[in-house]
Every structure is written in structure tokens, then in C-alpha cells.
Amino acid sequence: YMTPKAAGNNLVSYLPCDQNIEMQRDWDLIRAILTEAEKKQPGQMMMDSEVQGFDAALVREHIWMLHEAGYLRGKFQRGTAMCLSAIVLEITFKGYDLLDTIRTVSIWEKIKQLAKEKGMELTFDVVKELGSIAVKQITGV
């Protein structure tokens, strides 16, 4: 998860959005960002401060990570050593696919339970795969 920083001659170098924090992907935060962004009307932006219950710097980093992975489009204001703000402009088609997998609380909890039982780290692919299994187990189909 990197953020572009303008350099001389129109070259771009990449630096972490906030160089002062240790980053680990937090799937509950990813879910919170996507579900909060989904509440917005088309054309309405979501500020990083609207995601409650998480460290502000981690929210900004996760918005950047989701932006870089193509799950949402964002806008970022960067200071010398950290990301000062992150705004979600819109969720992408790919982002809605992910959100469809993790939106329902019972399915999301089942995905986390299955991952823990199987000793698996959650990745975007694992979440989608376990989401399919969770739906089948919950619905009995």
C-alpha cells in the first residue's frame, strides 16, 4: 500500500501513506469502510472520519489499500511523513462484489470462524471462497 509522491521531471516515487504506523490488514475495518461508503448517495464522498471505532491513521491506510487494490476510488492529502486525509469517492464494481460477500453479519462471522478453524489468513481470494462456503452452510443449499 503505497501513495504517489511527486518527484522531479514528472517522475513518481511511492511511499506508504503514513510512514509512522505499523500496518496489518484489518478485515473488520475493511468491512466498516465499505459498508459506510455504501450508505452514501451517488456522487457523495465519504470522509475517513466517518468510520467510527478505529484508529484514524489505520482508516486512512485501509482506504489507501482498498484504492490501490481497485475496490474503491479515493482521494488523499499527504503531508511530509503521513497521510492527512483520505476520502472515498466511490466503491468500484469489484468493491461491491467484495461487499456483497461480507455485508451480512452472520455470513461475515461465519467466514471469520471458518478461516480460524482452518488456520487460514484472510486474503481477498480466501474471503470470497469462504463466503461461498458460509452461504451454503447457513442456507443449507
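The values are calculated or read from the model by the stated rules, or taken from the named source; none is laboratory data. Remember, it's a predicted structure, so these values are computed and weren't measured experimentally. Every residue, glycine as well, gets a Cβ built from its backbone with ideal geometry; the counts of neighbours run over all protein chains shown. Heads up: the accessible areas ignore ligands, DNA and RNA and are worked out on the full protein's heavy atoms, side chains in. Shrake-Rupley method; radii C 1.70, N 1.55, O 1.52, S 1.80 Å.
Per-residue accessible area (protein heavy atoms, 1.4 Å probe) orders ASP26, ASP100, ASP48, ASP125 as ASP125, ASP100, ASP26, ASP48, starting from the largest.
For the stretch 31-101, trypsin sites (Lys or Arg not before Pro) are listed when DSSP marks them as loop and at most 13 other Cβ atoms sit within 10 Å of their Cβ; the list is LYS39. Mind giving me the FRET efficiency for GLN44 and SER106? R0 is 30 Å, r the Cβ-Cβ distance, nearest 0.05 is fine. FRET efficiency, GLN44 to SER106: 0.55. Between VAL141 and GLU117, the contour length at 0.36 nm per residue exceeds the Cα-Cα span by 6.5 nm. The lysines whose alpha-carbon is closer than 25 Å to the alpha-carbon of LYS118, local same-chain residues fewer than 8 away aside, are LYS110, LYS128, LYS136. Evaluating 6.51 cos²θ - 1.76 cosθ + 1.60 at θ = phi - 60° for every residue in the stretch 33-39, the Karplus couplings come out as 4, 5, 5, 5, 5, 5, 5 Hz, glycine and proline recorded as x. Sorting MET47, MET65 on solvent-accessible area from highest to lowest, probe radius 1.4 Å, gives MET47, MET65.
FRET efficiency for the TYR96 to ARG25 pair, using the beta carbon distance and R₀ = 22 Å, is estimated at 0.65.
Distance between the modelled labels on LEU89 and GLN77, one decimal in nanometres: 1.7 nm (7 Å Cα→Cβ projection).
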